[in-house]
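Before any comments, here is the structure.
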Amino acid sequence: MLITMQRDCSPAVLDRTRQVLESLGCRLRAAEKGPDSALIVVSATRPPDPELVRSLKGVASVEQGTVPACRASISSRPGGTRIEVGPVTIGGGRLTVIAGPCAVEDEDRLVDIARRMKDAGVDLLRGGAYKPRTNPYDFQGLGERGLRMLAAARHETGLPVVTEAVDEASLERVEEHADVIQIGARNMHNYALLKRAGRCSRPVFLKRGFAASLDDLLQAAEYVLDAGNPRVMLCERGIRTFSDHSRFTLDLAIVPRLKRRTHLPVFVDPSHATGVRDSVVPLARAAVACGADGLMVEVHPEPERAACDGPQALDPASMPSLVRDLRELSALVARREEVAS
Ligand code: PEP
Ligand code: MN
């Protein structure tokens, strides 16, 4: 149930309403829906009588049923969210590029890739230390050793690092070593993990589940926001369809829809979406043309020997011109949007 308070309701009236609702057994949350409306979200095993709630002083309206993802909603922050990670500002108009290997393999190789990404103009380094593999016999990642290698790469280059947590135990270690915590597609529905990520001090990079709708994704983000972490980025990474020419189907149509529905920065990962190297660049361009705030791509200097996802890895040597082109395209899109609005 969502209770909208009258705009001019005083803090004392709001407090009184809270007390009455709590005495009725409701758990309350202050919600962010619009900049100037005070709202209360109620979760209770048995919702209170809506007529009774409507009759309370200061209550403007009562909506029954599922509460929308109000903290993630654009109406709670129409200007959009900017997330500072080290020297990088994510959101706010400048395209953010995240690149790196699928998995952390060894320190020298990672530091070398990180240096090349830094020189190419990439903003953040990615690399999995905990790998959520579909097949249990596939490489599962170096774990904490990999996290230390990522920290070494950051130390060498100044690039902030993004890496995945696959469960609550790994999240604690990732929080300690990394700058951004990734929650992967397979864990988008892991609500215990989302709540835990909501209590941590690092921004969260949340990838869309293979079969998640736009609202599923926003509600997953809402878990993190509601638990107290306002720094969430969303990432479209392909969904399952009947198409069999690529690993997943990149749903670029979600980008402009998300931009209208949420203030959270929207990323696209064309690497995992396609699984095919020569599809990654065209779809990266298309993602920027659709208004994405950022991209995540995988790179590897020897893809045929990569521990995972070699066929989709871009050549690190191609990154300087790709990043330059994508930034130019992003600036053109922003100019056109200005003219149109
Ligand atoms: C990844 O980014 O390393 C990854 C496993 O992606 P996804 O969760 O989108 O499959
Ligand atoms: Mn990968």
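The values are calculated or read from the model by the stated rules, or taken from the named source; none is laboratory data. Everything numeric here is computed off the predicted structure, so don't read it as measured data. No Cβ is skipped: glycine too gets one built from the backbone with ideal geometry, and neighbour counts run over all protein chains shown. Accessible surface is based on the protein model in full, side chains and every heavy atom, while ligands, DNA and RNA are left aside. Shrake-Rupley method; radii C 1.70, N 1.55, O 1.52, S 1.80 Å.
The shape of region 89-203 comes out oblate: with a ≥ b ≥ c from the C-alpha gyration tensor, a/c is at least 1.5 while a/b does not beat b/c. Extension gain, ARG186 to ARG29, is 53.7 nm, computed as 0.36 nm per intervening residue step minus the present C-alpha separation. The slack between GLU144 and LEU56, meaning 0.36 nm per residue of separation minus the straight C-alpha distance, is 26.3 nm.
Once backbone amide H atoms are built at 1.01 Å from N, CYS308 has ALA103 as its partners under 5 Å, excluding neighbours fewer than 5 places away on the same chain.
Once R0 is set to 25 Å, what does the formula 1/(1 + (r/R0)^6) return for the Cβ-Cβ distance between ALA151 and THR89, expressed as a FRET efficiency to the nearest 0.05? Plugging the Cβ-Cβ distance into 1/(1 + (r/R0)^6) gives 0.65. Note on ALA12 and VAL333: the extension gain reaches 110.8 nm, defined as 0.36 nm multiplied by sequence separation minus the Cα-Cα distance. Dipole size of the chain about its Cα centre, with +1 on Lys/Arg Cβ and -1 on Asp/Glu Cβ: approximately 860 debye, rounded to the nearest 20. Angle between the Cα long axis of helix 168-177 and the longest principal axis of the chain, 0 to 90 degrees, nearest 10? Tilt of helix 168-177: around 70 degrees. Just so you know, the Rg over Rh for the chain is 1.02, from Cα atoms, with Rh as the Kirkwood radius. In the chain, helical runs assigned H by DSSP with n ≥ 4 each contribute -39500 (n - 2.57); averaged across all residues and rounded to the nearest 500, the mean residue ellipticity at 222 nm is -11000 deg cm²/dmol.
Classify region 240-280 as rounded, prolate or oblate, taking a ≥ b ≥ c as the square roots of the eigenvalues of its Cα gyration tensor: rounded when a/c is under 1.5, otherwise prolate if a/b is larger than b/c and oblate if not. Taking the square roots of the gyration eigenvalues as a ≥ b ≥ c, region 240-280 is prolate.
Each principal axis of the Cα cloud of region 111-170 was evaluated for its coordinate range; sorted largest first, these ranges are 36, 20, 15 Å.
Per-atom-type breakdown for region 1-132 gives carbon and sulfur 48% of the accessible area (1.4 Å probe, protein chains only). Lys-Lys pairs in the chain that are eight or more residues apart or on separate chains and whose Cα atoms lie under 22 Å of each other come to 7.
Compute the Cα gyration tensor for region 201-341, then decide on rounded, prolate or oblate, letting a ≥ b ≥ c be the square roots of its eigenvalues: rounded whenever a/c is under 1.5, prolate when a/b is larger than b/c in the other cases, and oblate in all that remain. Oblate, since a/c reaches 1.5 and b/c is not below a/b. Along the charge dipole of the chain, Cβ charges K/R +1 and D/E -1, which of VAL97, GLY275, THR4 sits furthest on the positive end? Of the options given, the answer is THR4. Solvent-accessible surface of the chain, averaged per residue with a 1.4 angstrom probe and all protein chains in place: 45 square angstrom.
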